[in-house]
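The values are calculated or read from the model by the stated rules, or taken from the named source; none is laboratory data. None of the values given here were measured: they were computed from a predicted structure. So basically every Cβ, Gly included, is an ideal-geometry build from the backbone, and we count neighbours across all protein chains shown. Each accessible area value is taken on the protein alone, full model and side chains, heavy atoms only, with ligands, DNA and RNA left out. Shrake-Rupley method; radii C 1.70, N 1.55, O 1.52, S 1.80 Å.
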Amino acid sequence: MRARRNDIVFCVTTPFTLPYAVIFAAKLRGAATALLIYDLYPEALERAELIKPRSLTARLIRFANAVLFRSLDAIITIGRDVEPLLLAYKGVTPKKISFIPNWTLLPPGYRELTPDNRFRAARHSQLIVGLSGNLGFTHSPRTVFEAARLLKQDKDIHLILSGWGIGWKQLCDLQAADKLDIITLLEPVPQAALVEFLSSVDVWIIPYRRNIAGVSVPSRLYNLLAVGRAIIVAAESCSEAAMVTHEENIGWVVPPEDPRQLADTIRLAASDREATTRKGHRAAEAAKKYSPDAAMARYREVLLKLR
């Protein structure tokens with residue numbers, strides 16, 4: 001109702017139903033429109049096997065997307081892996097799409113591993129591997145658990161797992177059944193303890209399901225970079241998180257849903273702690289590229305072109 005001609009209406013895909021009504025209303029008012037895509041539907045639902053690609057739901061959402069994307073003046077993605085999926089829609093051109101990555105929420109800088117860190121104090125000599133954050137239907141926490149099962153005899157490795165969401169419940173159920181000594185489960189830490197927690201780990205894991213490239217947000221990656229830690233990304237090599245990991249040489253990329261490859265990569269990280277630490281230092285340097293100021297400058301540049 002407040003939009004006027006020469007205004008720019010900026011919308012996000014959370015919830016994913018929001019843009020259809022907002023963009024339609026904006027067009028009625030004669031305003032320019034831009035959409036920031038966090039997660040792409042129905043593709044995310046299809047990859048998670050919650051709906052079939054040829055189901056009525058998928059076809060209806062895809063039809064609505066085709067109309068929506070053609071009518072937009074600008075589309076912003078936070079991962080380069082989204083563009084191929086968007087270009088599959090008739091009428092969408094590369095000129096309409098801009099890539100602007102998310103940014104760190106923590107000051108970038110390598111944090112030293114210290115024995116007085118309360119999250120690793122009793123295990124300071126071990127390689128600590130971490131998993132944290134929302135574990136939704138695009139993630140595969142079971143892969144991490146099965147890798148831990150393969151590593152249970154490796155006394156120099158320990159996994160600290162924390163999070164929430166449907167995947168967290170799955171992890172808790174698996175651990176309740178098997179009680180692996182190599183695993184410690186932690187409830188999500190308060191914001192005040194986040195830096196200490198993220199800094200307590202030598203290597204962080206981001207475990208995706210298969211075929212998730214382009215449909216899931218890699219936001220957690222940037223805070224892990226900011227504290228200066230190596231990353232293991234379990235995903236297709238064309239995913240944004242995997243591309244950053246390769247380009248910056250800050251960790252390893254393994255195939256998704258492959259516990260043996262993940263376990264072997266964790267052993268590799270443990271076998272050369274100095275090399276793993278160097279990857280963490282490079283991660284902290286790479287994090288400086290992902291600042292709020294840099295992102296806002298790009299948003300300003302894209303949106304002002306619509307005037």
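Here the Karplus relation 6.51 cos²θ - 1.76 cosθ + 1.60, evaluated at θ = phi - 60°, turns the backbone of segment 221-237 into coupling constants of 3, 6, 6, 5, 5, 4, 8, x, 10, 5, 10, 10, 9, 9, 6, 4, 5 Hz, with x for every Gly and Pro.
Taking the Cα centre of segment 68-217 as origin and assigning +1 to Lys and Arg Cβ atoms and -1 to Asp and Glu Cβ atoms, the resulting dipole is close to 560 debye.
Here the spin labels are modelled as points 7 Å beyond Cα on the Cα-Cβ line, and at Ala176 and Gln191 they lie 3.1 nm apart.
Would you compute the Debye intensity of segment 246-295 from its alpha-carbon atoms alone, equal scatterers and no solvent, and pass along log10 I(q)/I(0) at q = 0.14 Å⁻¹ to two decimals? These q points yield log10 I(q)/I(0) values of -0.46. The alpha-carbon atoms of segment 146-289, seen along their principal axes, cover 42, 33, 31 angstrom, with the largest extent given first.
Report in % the part of the accessible area of segment 1-138 that belongs to carbon and sulfur, leaving out ligands and nucleic acids; probe 1.4 Å. The nonpolar share, carbon plus sulfur, comes to 59 percent. From the Kirkwood radius over Cα pairs of segment 209-294, Stokes-Einstein at 25 °C and 0.890 mPa s returns a whole-number translational diffusion coefficient of 186 µm²/s. Rg and Dmax over the alpha-carbon atoms of segment 1-154 stand at 21.4, 66 Å. Each Lys and Arg contributes +1 and each Asp and Glu -1, all at the Cβ; summed about the Cα centre of the chain, the dipole is approximately 1320 debye.
About the Cα centre of segment 176-307, how large is the charge dipole given +1 on each Lys and Arg Cβ and -1 on each Asp and Glu Cβ? Please answer in debye to the nearest 20. Mind dumping the intermediate values first?
On the way: 17 positive and 17 negative charges, 108 e Å.
In total the dipole reaches around 520 debye.
Fully extending the segment from Ser71 to Lys288, taken as 0.36 nm per residue of separation minus the present Cα-Cα distance, adds 74.6 nm.
Which is the longest part of the chain that has none of the GluC sites (Glu not before Pro) sitting in a DSSP loop with at most 13 other Cβ atoms within 10 Å? Write out the running numbers ahead of the final one.
Working: sites that count: Glu49, Glu112.
With GluC sites (Glu not before Pro) excluded where exposed in loops, the chain gives 113-307 as its longest stretch.
In the chain, the DSSP-assigned H stretches of four residues or longer account for a calculated mean residue ellipticity at 222 nm of -12000 deg cm²/dmol, using -39500 (n - 2.57) per stretch and the full residue count as denominator. Once C-alpha pairs closer than 8 Å and six or more residues apart are averaged by separation and normalised to the residue number of segment 82-230, the relative contact order reads 36 percent.
Note the per residue figure in Å³ for the convex hull of the C-alpha positions in segment 120-211.
Working: hull volume 8.9 nm³, N = 92.
Looking at segment 120-211, the number lands at 97 Å³ per residue.
A simple spin-label model places pseudo-atoms 7 Å from Cα toward Cβ; at Arg62 and Phe24 they are separated by 2.2 nm.
Compute the angle between helix 292-304 and the longest alpha-carbon principal axis of the chain, please, reported from 0 to 90 degrees and rounded to the nearest 10. For 292-304 against the chain, the angle is about 20 degrees.
Cα-Cα over 29 Å: which of Lys52/Lys179; Lys169/Lys288; Lys27/Lys95; Lys152/Lys279; Lys52/Lys305? Exceeds cut-off: Lys52/Lys179; Lys169/Lys288; Lys52/Lys305.
For the chain, the longest principal axis of the Cα atoms and the long axis of helix 141-150 meet at an angle of about 20 degrees.
Given a 1.4 angstrom probe, I'd like the percentage of the accessible area of segment 140-242 that is carbon and sulfur, rounded to a whole number.
Details: 2060 of 3700 Å².
Roughly 56 percent, rounded to a whole number.
Using amide H atoms built in the peptide plane, which far-off residues or other-chain residues are under 5 Å from Val9 H to H? Distant-sequence amide H within range of Val9: Ala32, Thr33, Ala34.
If I stretch the segment between Ile166 and Arg278 completely, what's the gain in nm (0.36 nm per residue apart, minus their alpha carbon distance), one decimal? Let's see the in-between values first.
Details: separation 112, 0.36 × 112 = 40.32 nm, distance 3.40 nm.
Length difference between fully extended and current span is 36.9 nm.
Only one residue of Ser199, Gly30, Thr93 has its Cα farthest out toward the positive end of the dipole of the chain, where Lys and Arg carry +1 and Asp and Glu -1 on Cβ, and that residue is Gly30. Annotation note: trypsin sites (Lys or Arg not before Pro) in segment 30-137 located in DSSP loop regions with a Cβ neighbour count of at most 16 within 10 Å are Arg54, Lys90, Arg118. Dividing the Cα radius of gyration of the chain by its Kirkwood radius returns 1.01 for Rg/Rh.
If you take the beta carbon distance between Arg54 and Thr17 as r and set R0 to 22 Å, what does 1/(1 + (r/R0)^6) give as a FRET efficiency, to the nearest 0.05?
Working: r = 21 Å, r/R0 = 0.97.
Given R0 = 22 Å and the Cβ-Cβ separation, E is 0.55.
The alpha carbon convex hull volume per residue for segment 25-115 rounds to 166 Å³.
Taking only C-alpha pairs under 8 Å that are 6+ residues apart, what is the relative contact order of the chain in percent? Across the chain, relative contact order equals 19 percent.
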